[in-house]
1. Kindly indicate which of A2, A28 is over 18 Å from R70 (Cα atoms) and among the aliphatic types (A, V, I, L, M).
2. Determine whether A76 is more than 22 Å from V6 (Cβ to Cβ), outside any strand (DSSP E or B) and in contact with a Leu (Cβ under 9 Å, 6 or more places away or on another chain).
3. Of everything in the range 24-49, what is surrounded by fewer than 10 Cβ atoms within 10 Å (Cβ to Cβ), of a type outside the set (G, A, S) and more than 23 Å from A14 (Cβ to Cβ)? Give them in sequence order.
4. With the requirement that a residue be at negative phi, small (G, A, S), assigned to a loop (DSSP other than H, G, I, E, B) and more than 12 Å from the chain's Cα centre (by Cα), what does the range 1-49 give you?
5. Among what's in the range 50-73 and is within 13 Å of the chain's Cα centre (by Cα) and assigned to a loop (DSSP other than H, G, I, E, B), pick the residue that is surrounded by the most Cβ atoms within 10 Å (Cβ to Cβ).
6. Which of the residues spanning the range 5-18 are loosely packed, with under 11 Cβ neighbours inside 10 Å and closer than 13 Å to L66 by Cβ?
7. Filter the range 50-79 for residues that are of a type in the set (G, A, S) and either modelled with pLDDT of 95 or more or under 19 Å from K8 (Cβ atoms) (or both) and give the result.
Amino acid sequence: MAKRDVEKTYPARAFAAKLRRLADALEAGRPFVISVGGERLRIPAGATFNVEHERDGAEEELEFQLLWRRPVRRRARRK
């Protein structure tokens, strides 16, 4: 599958709503589904979660990251 790197900016209220949905899914042990850049993503309940902080001069960045592997889909055998 092709490499992809999409960044989407949201207004504060929309971002907060997405964080609430994520928190609800985490607490319930459910997968989290979100659409980003026209692609629907399903983050499994067992994903790895981390927080990253970067600083470069006066600019700072905080990232909440969710890491997981997509299941490998096998092709059906031809008969």
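The values are calculated or read from the model by the stated rules, or taken from the named source; none is laboratory data. Note that the structure is predicted; figures quoted are calculated from it, not measured. Neighbour counts run over all protein chains shown; Cβ positions are idealised from the backbone, glycine included.
1. Details: A2 fails: over 18 Å from R70 (Cα atoms).
Matching residue, one of A2, A28: A28.
2. On the way: more than 22 Å from V6 (Cβ to Cβ): yes; outside any strand (DSSP E or B): yes; in contact with a Leu (Cβ under 9 Å, 6 or more places away or on another chain): no.
No; evaluated as a whole, the condition is false for this residue.
3. The one that is surrounded by fewer than 10 Cβ atoms within 10 Å (Cβ to Cβ), of a type outside the set (G, A, S) and more than 23 Å from A14 (Cβ to Cβ): T48.
4. Those that are at negative phi, small (G, A, S), assigned to a loop (DSSP other than H, G, I, E, B) and more than 12 Å from the chain's Cα centre (by Cα): A2, G46.
5. Within the range 50-73, the match that is surrounded by the most Cβ atoms within 10 Å (Cβ to Cβ) is W68.
6. none
7. Taking the range 50-79 as the starting set, the residues that turn out to be of a type in the set (G, A, S) are 57-58, 76.
Result: G57, A58.
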